[in-house]
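The values are calculated or read from the model by the stated rules, or taken from the named source; none is laboratory data. Remember, predicted model here, so these are calculated numbers, not experimental data. Virtual Cβ from ideal backbone geometry, glycine too; neighbours counted across all protein chains shown.
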Amino acid sequence: MSAGLAPISFPAYETLRPVTELSGVILCDNPSEMTFEGTNTVVLRAPGSPTCVVVDPGPDDRAHAERIAAIVGEIELVVVTHRHGDHTDGIDHLRAFTDAPVRAVQERFCRDAAPLVPGGGDDDEVIHAAGLDIIVLATPGHTADSVSLEVRAAGTGFTAPADCVVLGDTILGRDSTVLDSTDGDLGDYLGSMDLLAGRAAGVTGIPGHGPDVEDTGRAAQVLGRHRRDRLEQIIAARAELGRDADATAITQHIYRDVTPFLLKVAEQSTKVALRYLDRLDSDA
């Protein structure tokens, strides 16, 4: 992906920034407190392939879709990592420039193609496109439909290390992801961290937001440990404040000296953690 191109540093808006041999990123100019510098649209292509795979078309921004189409050439397939609008609202804008099928876990985001069938072991779906073998990994937690994509050149074999892992919002380029309070799940998230820690040691990760992840396996280990430590804090706060304490009270008790915005964001993950603890209690 980097052959013949001058190095481009992150962040670089609306241009193809090479990341690995098989991957690059086109950063959408939609910075915010939630999206960091913006949404990373990922481009995957084997050397010499006339087509590419585009992952996450981005937000409702026709200009971004037009830049993707102008930069990448023929798109063989579009893949969506999860349902959030900053990754999916650009689907139909991009479809105005390509007849490539679109695949996602949720059927409502698919265009002229079947939904993804993610796995986590021997039942992984493998996409063969743009000279690549792309394993679709179920990595829920941030949302129920979150997937990660393990990318290799076609025919190199699945026992060899991956070239990269496209992470969506399962792992971000910095900080820890928010667990969506509607369908996020802490148990699922911890399982996803364990999966990536076991599969992606030393492998470059390409997140949905923020800079590249140097070692996905190591990042997954750190984030899993962080979330388990935070769970212990929530258990302690609940014991101190009383079992009827709600997510707002517990979040304010744990998170000190943060902005009101970050406090509200953290409250989502606290709600998900409390739901997880209640489920553990009911199963006991």
Can you find, within segment 5-28, the residue that is surrounded by the fewest Cβ atoms within 10 Å (Cβ to Cβ) among those that are within 23 Å of residue 48 (Cα to Cα) and small (Gly, Ala, Ser)?
6
When you scan segment 177-188, do you find a residue that is closer than 26 Å to residue 275 by Cβ, without any contact (Cβ under 8 Å) to a residue 60 or more places away in the chain and in contact with a His (Cβ under 8 Å, 6 or more places away or on another chain), even just one?
yes
Given (1) charged (D, E, K, R); (2) buried (at least 19 other Cβ atoms within 10 Å of the Cβ); (3) part of a loop (DSSP other than H, G, I, E, B), where does residue 76 come up short, assuming only one miss?
(3)
Do you know which residues across segment 224-269 are part of a helix (DSSP H, G or I), of a type in the set (D, E, K, R) and more than 17 Å from residue 176 (Cα to Cα)?
238, 240
Within segment 29-58, track down each residue that is crowded, with 23+ Cβ neighbours inside 10 Å, part of a loop (DSSP other than H, G, I, E, B) and without any contact (Cβ under 8 Å) to a residue 60 or more places away in the chain.
57, 58
Of (1) more than 16 Å from the chain's Cα centre (by Cα); (2) farther than 29 Å from residue 11 by Cα, residue 262 satisfies every one except (2)
Among the residues of segment 237-245, is there at least one that is aliphatic (A, V, I, L, M), out of contact with any Lys or Arg (no Cβ under 6 Å at 6 or more places or on another chain), surrounded by fewer than 17 Cβ atoms within 10 Å (Cβ to Cβ) and closer than 23 Å to residue 36 by Cα?
no
Among strands (runs of 3 or more DSSP E) completely within segment 124-223, the ones holding 1 or more residues that are polar (S, T, N, Q), under 12 Å from the mean Cα position of the chain (by Cα) and modelled with pLDDT of 95 or more are 147-153
